[in-house]
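Report on one structure; see the data block that follows.
The values are calculated or read from the model by the stated rules, or taken from the named source; none is laboratory data. These figures come from a predicted structure and were not determined experimentally. In this analysis, Cβ positions are derived from the backbone assuming ideal geometry, glycine residues included, and neighbour counts consider all displayed protein chains.
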Amino acid sequence: MYTGMQSLETVRGLGVDLDEITQERKRVLVVEDEPDTVFLLKQVLRMAGYNVVSAENGNEALKKVAEYNPDLVLLDLMMPDMDGWQTMTHLREMGDTPVIIVSALDGKTEVVHGLHMGADDYLTKPFHNDEVVARVQAVLRRSGRNQELNSLVFPKIGLTIELKNQEVLVNRRIVQLTSREFAVLSVLARHAPTAVDYRTISMDVWGDDNPRTRNRTKYLIYLLRQKLTKAGVRSDFIMNVDRLGYRLMVDQ
């Protein structure tokens, strides 16, 4: 039976009464390396009506932001691989997605530093479930905007893709690309590290899928490899996936 708050995306086969749908569910990304805390936050947020996705470290979080474009991020500070401070810096490079730091570090210095870095709120552990929901609601209410990503950031290979001004930087140095080269790289980056098939690339870049557009795409991939390798990225950065398409290797 359809409930009034159910998202259109969850309905399959049956039509829905549009008058009963008040809003799409907000998406929250939980960045936390402790499984029990992830489970708890997911349960609390789902019960409050939010869709939730998780990441166990900073690098995975940046990929999930690019993939899901969440409305809000709950960010732990003490994590392996890439800690919360580094992740916060990259999140602000990517856009203005609201961030609530959730950390056992409860000193005034950490709280002030987190807010100065651009966090929208700071919640200390252990937390009360109702307080988590109240803080999330308050930050989302204040933000009230249609979130768009400004950049895609891949720290492990030193790659930044500026979506709005169509610039590509390798280790903070600009790499000159044509508009078509940028379009192909952007498609691969938005799906990274998942493989992207030829048809998806052709339709996104050329608006059509045929042998001619696929050959053009192959040539652009060749040019991208040349330019990015010269800028310092490994030559196997763009990997061929046999009879499917290409994959961006962002975890080297």
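For this structure, a couple of remarks:
- When we screen A195, A183, A138 for residues that are hydrophobic (A, V, I, L, M, F, W, C) and over 30 Å from A231 (Cα atoms), the only hit is A138.
- Filtered by the rule that a residue be in a strand (DSSP E or B), within 15 Å of L62 (Cα to Cα) and β-branched (V, I, T), the stretch 75-127 gives a lone residue, V99.
- The listed residues are E34, E110, E60, and the only one of them that is under 26 Å from E162 (Cβ atoms), among the acidic types (D, E) and out of contact with any helix residue (DSSP H, G or I) (no Cβ under 8 Å at 6 or more places or on another chain) turns out to be E60.
- Residue match in the stretch 159-177 (condition: part of a helix (DSSP H, G or I), touching a Lys or Arg at 6+ places or on another chain (Cβ under 8 Å) and crowded, with 17+ Cβ neighbours inside 10 Å): no
- Residues located in the stretch 75-89, provided they are under 30 Å from Q166 (Cα atoms) and either touching a Ser or Thr at 6+ places or on another chain (Cβ under 9 Å) or free of Cβ contacts under 8 Å to residues at least 24 places away in the same chain (or both): L75, G84
- Of all the criteria given as (1) under 25 Å from the mean Cα position of the chain (by Cα); (2) surrounded by 14 or more Cβ atoms within 10 Å (Cβ to Cβ), the one not satisfied by V241 is (2).
- For V136, the test of being buried (at least 16 other Cβ atoms within 10 Å of the Cβ), at pLDDT 90 or above and either assigned by TED's automatic domain parsing to the domain that holds M47 or among the basic types (K, R) (or both) is passed.
- Matching residues in the stretch 48-74 - criterion: being in a helix (DSSP H, G or I) and within 15 Å of T37 (Cβ to Cβ): A61
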